[in-house]
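Enquirer: Before I ask anything, let me first share the structure, which is written out below as structure tokens.
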Amino acid sequence: MNNNLKGKKIIVGVTGGIAAYKSCEIVSRLVSYGADVKVIQTKSSLGFVTELTFFNLSKNPVYVDMFAEVSEKEFNVKHIELAKWADIFVVVPATANAIAKFANGIADDALSTTYLASKARKIICPAMNTNMWENETTQANVAKLQDEGVIFVGPGVGRLACNTSGVGRLENVEEIISTIVDELTVKCDLKGRKILVTLGGTKEKIDPVRFITNNSSGKMGLEIAKAAQRRGAEVYLVVGNVTVKIPDIFSKIINVESTQEMYEAVKNEFDKVDTFIFAAAPSDYRPKEVVQNKIKGKEINLSLTKNIDIAASIGKIKKTKKVVIFSAETEDLIKNTKKKLQEKNADFAVANNVTQSGAGFNVDTNIVTIIGKDGKEEEYPILKKREVANIILNKIV
């Protein structure tokens, strides 16, 4: 992590939750990295942390009342000038109330008015009771903000202030700091590149109500896509069966169901892109015949046939285009991955043993080995999938 934030301008918004005390450490750390930090507090946050605390930590005025009397040296329209000033806008902690305001354009205090006026990149770090977080309205507000490109860090899982345990606690400080630093130090080294990423599993119908699929969530592919987009690439997504929310921030999003549909979508975009990252887990097999009515009986005997190998098909015709494959294995990881590299004519492979704790499907981390065409192996420890994504993109660069 590059901790040099000299010259970077950061707004930290603090809302009224018990986790507000953790924002003190975040402000202190960002200042120590050289950033210029200005804090906006809601009035309810003052019950947890005082203005004086943030004034001393940031060495800047703290903004609470957008109608407060100002001197001639201060901004004429505080929230507008602050909004223009910032490189990045971080809200930590963010209550359900604050998230609702941001999602629905409500601007009734210094924080919400500045947020609404700001075109800076935004990071929201939620902290609240589990039931409040899981409430349908809160989730709809979060989804709306994600569609606008807002980055959410957390919430984490653990002990909450209400003496219960569950999802809703503020994500750990290291993860929040790491995300802020990554966003501020990212290079636009993929500008001009057009990258297609496949993600998720596929479904192969057995009958009208049953299908074959796998546990792929789409998390790894989405992290790659988001990282590539942040680094300046034009990103095309081919999305299968996923559990993640796909933000509407990419050049093109194509939703598919079966492996054949995924192949057709990739082939149709072939001439438009220069790099293919096959992070999806398409079903290798499909039923020879799809039964038209729901199958009944004590036993079902399926006859399966092999699906098209999407990556291998593109590898055969890629010419100067780049192809990156994923290899999810349960045994003989390196041997099987090297074989796939040759068969698919890929430039490099990202291999992981999905039986390892912290790797594979439906988790936020991964443990990978990257293998090049020359057979060189690079092993990595357990990392956030966001970190793995940037390692993969560094290899492409």
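The values are calculated or read from the model by the stated rules, or taken from the named source; none is laboratory data. Keep in mind that what you see is a predicted model, and the values were worked out from it rather than measured. In this analysis, Cβ positions are derived from the backbone assuming ideal geometry, glycine residues included, and neighbour counts consider all displayed protein chains. Areas reflect the complete protein model, heavy atoms only, side chains present, ligands, DNA and RNA absent. Shrake-Rupley method; radii C 1.70, N 1.55, O 1.52, S 1.80 Å.
Enquirer: Being open to solvent by 10 Å² or more (accessible area, probe 1.4 Å), out of contact with any Asp or Glu (no Cβ under 9 Å at 6 or more places or on another chain) and not in a helix (DSSP H, G or I) is the filter; apply it to segment 88-115 and report the residue that is nearest to Leu30 (Cα to Cα).
Expert: Thr95
Enquirer: Could you list, in sequence order, the residues of segment 1-56 that are over 25 Å from the mean Cα position of the chain (by Cα) and among the acidic types (Asp, Glu)?
Expert: Of everything in segment 1-56, those that are over 25 Å from the mean Cα position of the chain (by Cα) and among the acidic types (Asp, Glu) turn out to be Asp36, Glu51.
Enquirer: Just to be sure before I move on: is Ala228 crowded, with 20+ Cβ neighbours inside 10 Å and modelled with pLDDT of 90 or more in the structure I sent? Show your work before the answer.
Expert: On the way: crowded, with 20+ Cβ neighbours inside 10 Å: yes; modelled with pLDDT of 90 or more: yes.
Against the criterion (crowded, with 20+ Cβ neighbours inside 10 Å and modelled with pLDDT of 90 or more), Ala228 qualifies.
Enquirer: For segment 235-253, which positions are open to solvent by less than 30 Å² (accessible area, probe 1.4 Å) and assigned to a strand (DSSP E or B)?
Expert: Val235, Tyr236, Leu237, Val238, Val239 - these are the residues of segment 235-253 that are open to solvent by less than 30 Å² (accessible area, probe 1.4 Å) and assigned to a strand (DSSP E or B).
Enquirer: Name the single residue, out of those in segment 260-309 being farther than 17 Å from Leu199 by Cα and not in a loop (DSSP other than H, G, I, E, B), that is least open to solvent (accessible area, probe 1.4 Å).
Expert: Pro287
Enquirer: Another one. Please determine, by comparing only the residues of segment 1-15 that are open to solvent by 30 Å² or more (accessible area, probe 1.4 Å) and not in a strand (DSSP E or B), which one is farthest from Asn172 (Cα to Cα). Show your work before the answer.
Expert: Step one: of segment 1-15, the residues open to solvent by 30 Å² or more (accessible area, probe 1.4 Å) are 1-4, 6-9.
Now drop any that are not not in a strand (DSSP E or B), which leaves 1-4, 6-8.
Numbers: Met1: 16, Asn2: 19, Asn3: 18, Asn4: 21, Lys6: 24, Gly7: 25, Lys8: 22 Å.
Restricting to residues being open to solvent by 30 Å² or more (accessible area, probe 1.4 Å) and not in a strand (DSSP E or B), the top hit is Gly7.
Enquirer: Okay, next question. Quick check: is even one residue across segment 318-338 within 16 Å of Tyr263 (Cβ to Cβ) and without any contact (Cβ under 8 Å) to a residue 40 or more places away in the chain?
Expert: Scanning segment 318-338 turns up no residue that is within 16 Å of Tyr263 (Cβ to Cβ) and without any contact (Cβ under 8 Å) to a residue 40 or more places away in the chain.
Enquirer: Quick check on my filter: what residues within segment 351-397 are of a type in the set (Val, Ile, Thr), open to solvent by less than 40 Å² (accessible area, probe 1.4 Å) and out of contact with any Lys or Arg (no Cβ under 8 Å at 6 or more places or on another chain)?
Expert: Going residue by residue through segment 351-397, those that are of a type in the set (Val, Ile, Thr) are 354-355, 363, 365, 367-371, 382, 388, 391-392, 396-397.
From what is left, the residues that are open to solvent by less than 40 Å² (accessible area, probe 1.4 Å) are 365, 367-371, 388, 391-392, 396.
If the condition is that a residue be of a type in the set (Val, Ile, Thr), open to solvent by less than 40 Å² (accessible area, probe 1.4 Å) and out of contact with any Lys or Arg (no Cβ under 8 Å at 6 or more places or on another chain), then Ile367, Val368, Thr369, Val388, Ile391, Ile392 are the ones that fit.
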